[in-house]
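To start, the structure itself, in C-alpha cells.
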Amino acid sequence: MESGVVVGYDQGPSSERAIDLAVEEAARRGVELTVIHALHHHHGKAEASSAPTARDVAEQGAERARAAHPGVPTHAVSVEGSAPAALGAASAEADLLVVGHRERGGFGLRYGDVALRTVARAGCPAVIVQGAADGGRGVVLAAMEVGETPEEVLEFAFGEAARRGARLKAVSALEMLWPFAYAGDRGQLRHASDQAGERASAALEERLRPWRARHPDVVVECELDQGDPAAVLADATAHADLIVVGGRRRGEHHQGMHHGAIADALLQHADCPIAVVPHG
C-alpha cells in the first residue's frame with residue numbers, strides 16, 4: 001500500500017464518520033486516501049455484505065469521500081479477510097489508519113473489539129473515530145506521562161495541532177498518594193503533595209520545551225490533575241477534537257502495537273477520536 005491515509009468502511013454510521021475524518025486528514029496532509037472494505041468468509045460463507053458486492057461497498061465509501069473533497073485522490077479497494085487483518089496489512093506503508101469505533105464485528109464481538117484488534121495490527125498511527133466531536137472544538141490533547149512521553153507521540157500531536165490550526169493541550173495526571181481526609185497531619189502531607197505536583201509540572205514543561213521551539217505557531221497549554229489518569233484524560237476529551245496516546249511496538253519482527261490500558265479505557269469513555277501512535 002502506498003503512503004497516504006487508509007480507512008475502513010462497512011456502510012455503518014461509525015465508518016461513515018471514519019470516511020469523513022479520513023478524507024479531512026488526507027486533504028490536510030496532501031496525500032491520497034484509500035477506502036477498504038473487507039469481506040470476511042466464515043465456513044465457506046461470506047458475510048451479508050457480499051450483496052451488494054464488496055467492491056460496491058468500497059466504492060460507496062470512496063464516493064462519500066470524493067463528494068466531501070473532490071481534490072483528494074481517492075481509491076476504493078475490496079479485500080477478502082477480516083477487517084483487522086486487511087486494514088493492518090494496508091497500514092504497513094501508510095501515514096495514517098482510520099477506523100470507526102463501532103465497526104460491525106459480528107459473531108459475539110463487543111463494540112470496539114474490531115477497532116482495538118485493528119489498532120493492535122497497525123503499522124502506523126491509527127485513529128479510532130468516536131465521541132461527539134465534530135472538529136469544531138479547536139483542541140488536540142496529548143496524553144503525557146511525566147518524563148516518559150515518547151518522541152513519536154509528541155511529534156504526532158504537535159503535527160496534528162499545526163495542520164488543524166488547533167491549540168495543543170498536554171494533559172497528565174498524578175495518582176493521589178496521600179488521602180488527606182484520613183491523614184493525621186494534613187499540613188505536612190499536603191505540602192509534600194504540592195511539592196510533587198510542582199516537580200511534575202516542571203518536568204512536563206521541560207519535556208515540551210524543544211517541541212514549542214519547533215512549532216512556535218502552536219499554542220500550547222499544560223494541565224496536571226490529580227486522580228486516575230484514564231478518568232482525567234476521558235474528562236478532558238469533552239473539550240477536544242482528538243486525543244493522542246502512545247502504543248508500544250510489538251517488536252522488530254512483528255508489526256502492530258500494544259495499545260495499553262489507557263486506550264482501552266478511552267475507547268469506552270472518550271468523547272472525541274483517539275489517535276494511537278506506535279513508539280519504542
**Q.** From the options Ala200, Ala213, Ala240, Ala196, residue that is open to solvent by less than 30 Å² (accessible area, probe 1.4 Å), at pLDDT 95 or above and of a type in the set (Gly, Ala, Ser)
**A.** Ala240
Q) Taking segment 60-83 as the region of interest, how many residues are closer than 19 Å to Arg121 by Cβ and not in a strand (DSSP E or B)? A) 3
(Q) Checking the structure you have, find out if any residue of segment 99-106 is open to solvent by 30 Å² or more (accessible area, probe 1.4 Å) and modelled with pLDDT of 90 or more. (A) no
(Q) Can you find, within segment 29-49, the residue that is modelled with the lowest pLDDT among those that are surrounded by 14 or more Cβ atoms within 10 Å (Cβ to Cβ) and assigned to a helix (DSSP H, G or I)? (A) Ser49
Q) Which residue, of Ala89, Ala26, is at pLDDT 95 or above, under 23 Å from the mean Cα position of the chain (by Cα) and of a type in the set (Gly, Ala, Ser)? A) Ala26
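Condition check ((1) over 23 Å from Gln226 (Cα atoms); (2) in contact with a helix residue (DSSP H, G or I) (Cβ under 6 Å, 6 or more places away or on another chain)) across all residues:
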{"position": "Val129", "(1), (2)": "yes, yes"}
{"position": "Ala132", "(1), (2)": "yes, no"}
{"position": "Gly135", "(1), (2)": "yes, no"}
{"position": "Leu141", "(1), (2)": "no, yes"}
{"position": "Pro150", "(1), (2)": "no, no"}
{"position": "Glu155", "(1), (2)": "yes, no"}
{"position": "Gly159", "(1), (2)": "yes, no"}
Q) What residue, among those in segment 192-226 that are within 21 Å of the chain's Cα centre (by Cα) and of a type in the set (D, E, K, R), is farthest from Arg164 (Cα to Cα)? A) Glu223
Q. Any residue in segment 66-83 that is open to solvent by 10 Å² or more (accessible area, probe 1.4 Å), under 30 Å from Ala236 (Cβ atoms), at pLDDT below 95 and of a type outside the set (Asp, Glu)?
A. yes
Q) When segment 129-143 is examined, which residues are found to be touching a Leu at 6+ places or on another chain (Cβ under 6 Å) and open to solvent by 10 Å² or more (accessible area, probe 1.4 Å)? A) Ala143
Q: Select from segment 3-17 the residues that are in contact with an Asp or Glu (Cβ under 8 Å, 6 or more places away or on another chain) and in a helix (DSSP H, G or I) and write down the one among them that is most open to solvent (accessible area, probe 1.4 Å).
A: Ser14
Q.
Suppose we keep only residues that are within 26 Å of Ala122 (Cα to Cα) and touching a helix residue (DSSP H, G or I) at 6+ places or on another chain (Cβ under 7 Å) within segment 217-236. Which one would you say is surrounded by the most Cβ atoms within 10 Å (Cβ to Cβ)?
A. Leu233
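The values are calculated or read from the model by the stated rules, or taken from the named source; none is laboratory data. Since the model is a prediction, treat every value here as computed from it, not as a measurement. Backbone-built Cβ (ideal geometry, glycine too); neighbour counts: all protein chains shown. With ligands, DNA and RNA removed, areas are computed over all heavy atoms of the protein, side chains included. Shrake-Rupley method; radii C 1.70, N 1.55, O 1.52, S 1.80 Å.
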